[in-house]
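Visitor: Quick one: the structure is below, questions incoming.
The values are calculated or read from the model by the stated rules, or taken from the named source; none is laboratory data. A quick note: this is a predicted structure, and the numbers were derived from the prediction, not measured. Using ideal geometry, Cβ is built from the backbone for each residue, glycine included, and neighbour counts are taken over all protein chains shown. Accessible surface areas use protein heavy atoms only, side chains included; no ligands, DNA or RNA. Shrake-Rupley method; radii C 1.70, N 1.55, O 1.52, S 1.80 Å.
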Amino acid sequence: MAFELPELPYDYEALQPFMSKETLEYHHDKHHKAYVDNGNKLAAEAGLGDLSVEEVVKQSFGKNQGLFNNAAQHYNHIHFWKWMKKDGGGNKLPGALQKAVDSDLGGYDKFKADFINAGTTQFGSGWAWLSVKDGKLEISKTPNGENPLVHGASPILGVDVWEHSYYIDYRNARPKYLEAFVDSLINWDYVLELYEKANA
């Protein structure tokens with residue numbers, strides 16, 4: 001099925017001051033749109049145009065780098081927009097998620113420190129992740145557009161550490177951006193939805 005650029009689930013000003021209108025306009029309208037346009041062209045050329053984005057990601061990994069880069073980034077961004085909301089973040093997690101964070105990751109404070117550390121120490125472009133693997137939560141990081149789908153895990157939260165995600169608002173202060181993401185932007189309800197789906 002053809003990739004489509006989704007609408008943002010909030011207006012362009014909604015995430016200020018933590019993520020500006022200008023960042024969202026560039027990141028969503030230009031960067032994500034380019035992944036969609038290039039991904040559609042490359043998927044059609046590879047004869048994978050009828051598959052879901054998840055299947056294209058898995059089937060192109062390690063075989064068709066150009067297609068993988070664009071399809072994976074499309075997948076990552078479909079969820080990235082939903083992983084944020086106005087007045088989000090903080091340590092008020094839905095019950096089932098809180099329980100899993102406590103048992104698998106040593107509690108919220110340790111999750112926050114480890115998640116921010118994963119994003120901070122990802123050299124160059126990439127992502128930091130919270131995923132479900134073998135029924136347990138784990139934190140990881142990946143380069144470029146790579147994601148946990150190709151490592152046998154189900155991502156339930158991700159943060160984009162490509163510079164276009166934060167440079168307008170934070171310049172080179174990536175840890176400050178990551179802290180704002182965790183403290184003020186995460187949409188824990190959507191994380192819970194993906195957590196339940198991963199464990200279904």
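Visitor: Just for region 1-49: of the residues that are of a type in the set (S, T, N, Q) and within 29 Å of residue 171 (Cα to Cα), which one is least open to solvent (accessible area, probe 1.4 Å)?
Guide: 23
Visitor: A further question follows. Of the numbered conditions (1) assigned by the TED database to the domain that holds residue 184; (2) in contact with a helix residue (DSSP H, G or I) (Cβ under 6 Å, 6 or more places away or on another chain), residue 89 fails exactly one; give the number of that condition.
Guide: (1)
Visitor: Hey, could you check region 6-39 for residues that are in contact with a helix residue (DSSP H, G or I) (Cβ under 7 Å, 6 or more places away or on another chain) and without any contact (Cβ under 8 Å) to a residue 24 or more places away in the chain and say which is nearest to residue 70 (Cα to Cα)?
Guide: Applying the filter and picking the extreme gives 12.
Visitor: Can you tell me which residue in region 56-68 is nearest to residue 42 (Cα to Cα), limited to those that are open to solvent by 60 Å² or more (accessible area, probe 1.4 Å) and part of a helix (DSSP H, G or I)?
Guide: Only one residue fits best here, namely 65.
Visitor: Take residue 102 and decide whether it is open to solvent by 70 Å² or more (accessible area, probe 1.4 Å) and in the same structural domain as residue 176 (by the TED database).
Guide: yes
Visitor: Grab the strands (runs of 3 or more DSSP E) fully contained in region 119-200, keeping just those with 1 or more residues being among the acidic types (Asp, Glu) and open to solvent by 40 Å² or more (accessible area, probe 1.4 Å).
Guide: Ranges flagged: 136-143.
Visitor: Is it true that some residue in region 114-126 is closer than 17 Å to residue 198 by Cα and not polar (S, T, N, Q)?
Guide: Filtering region 114-126 down to residues closer than 17 Å to residue 198 by Cα leaves none.
Checked region 114-126: no residue is closer than 17 Å to residue 198 by Cα and not polar (S, T, N, Q).
Visitor: Give me the pairs, please: first residue somewhere in region 47-68 and touching a residue at least 24 places away in the same chain (Cβ under 8 Å) and within 17 Å of residue 152 (Cα to Cα), second residue anywhere and open to solvent by less than 50 Å² (accessible area, probe 1.4 Å) and not small (Gly, Ala, Ser), beta-carbon distance under 6 Å, and either six or more positions apart or on two chains.
Guide: Pairs that qualify, where the first residue is touching a residue at least 24 places away in the same chain (Cβ under 8 Å) and within 17 Å of residue 152 (Cα to Cα) and the partner is open to solvent by less than 50 Å² (accessible area, probe 1.4 Å) and not small (Gly, Ala, Ser), are 53/74; 53/75; 57/75; 57/149; 61/68; 61/150.
Visitor: Would region 107-116 turn up any residue that is touching a strand residue (DSSP E or B) at 6+ places or on another chain (Cβ under 7 Å) and not in a helix (DSSP H, G or I)?
Guide: No, every residue in region 107-116 fails to be touching a strand residue (DSSP E or B) at 6+ places or on another chain (Cβ under 7 Å) and not in a helix (DSSP H, G or I).
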